[in-house]
1. Normalising by the residue count of the chain, find the relative contact order in percent from Cα pairs under 8 Å and 6+ residues apart.
2. For the chain, what does the alpha-carbon gyration tensor say about shape, rounded, prolate or oblate, given a ≥ b ≥ c as the root eigenvalues, a/c under 1.5 as rounded, and a/b over b/c as prolate?
3. In the Gaussian network model of the chain, springs joining C-alpha atoms below 10 Å, which of 58, 100, 31 carries the largest mean-square fluctuation?
4. In the chain, what percent of the accessible surface is made up of carbon and sulfur (1.4 Å probe, ligands and nucleic acids excluded)?
5. With a ≥ b ≥ c taken as the square roots of the eigenvalues of the C-alpha gyration tensor of the stretch 39-99, please select rounded if a/c is under 1.5 and otherwise prolate if a/b is larger than b/c or oblate if it is not?
6. How many nm separate the modelled label positions at residue 126 and residue 49, each set 7 Å beyond the Cα in the direction of the Cβ?
7. First measure r as the distance between the Cβ atoms of residue 155 and residue 38, then evaluate 1/(1 + (r/R0)^6) with R0 = 25 Å and state the FRET efficiency to the nearest 0.05.
8. Highest GNM mean-square fluctuation, the chain, Cα pairs closer than 10 Å: which of 119, 53, 96?
Amino acid sequence: METDSLRDVNAKRRLRLRPATPEDRVLLERWDAEPHVVAANPNDKWEWQTELAQPTDWRQQFIAEREGRAIGFIQILDPARDESGYWGEVGDGLRAIDIWIGEPEELGKGYGTTMMQLALAHCFADPQVSAVLIDPLADNRRAQRFYERLGFRFVERRRLGDDLCCIYRLERSDWLA
């Protein structure tokens, strides 16, 4: 459900999310090599060719576009159903989000905030979703402040794969407030 203020923000920044397709593989691989993306996800090894060719009902991947030009990526998944087991034991009714701006010249312009607002609106449009999780690196204080400004609350530090992360959670009730 998109609120009037969210429509206003999005109209101002002219962003839209579209499903990622196999044709986006080269673009995503290029973004994976960008220093700012590597710094935020140093141990993530995305298998774009496989992931984009085999959509699942527990994971959605989007390309954020500004005036028809791809600028970023969002993944929304059900962490309880994630086949990799990355999130461990979690309850039902949750979503987890990965997000980044791929194009370096688009950093610092507010697009990440708009992308995250669109992703949260997408998540909470499902009445079964009670909360959203995110997992910035423990030493990425800039990302942590970004999520805190959006209303996420720190839950715990946890090792996920090879990374020490800070788990943040946004409850539906806090998002609606």
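1. So the answer I get is 19 percent.
2. rounded
3. Maximum fluctuation in the GNM of the chain, among the listed residues, is at 58.
4. Using a 1.4 Å probe with all protein chains present, the chain comes out at 48 percent carbon and sulfur.
5. It is prolate, given that a/c is not under 1.5 and a/b is the larger ratio.
6. 3.0 nm
7. E(calc), rounded to 0.05, equals 0.45.
8. 53
The values are calculated or read from the model by the stated rules, or taken from the named source; none is laboratory data. It should be emphasised that the depicted structure is a prediction, and the values quoted were computed from it without experimental measurement. Neighbour counts are summed over all protein chains in view; Cβ atoms, including those assigned to glycine, are modelled from backbone coordinates with ideal geometry. Surface accessibility is based on the protein's heavy atoms, side chains included, excluding ligands, DNA and RNA. Shrake-Rupley method; radii C 1.70, N 1.55, O 1.52, S 1.80 Å.
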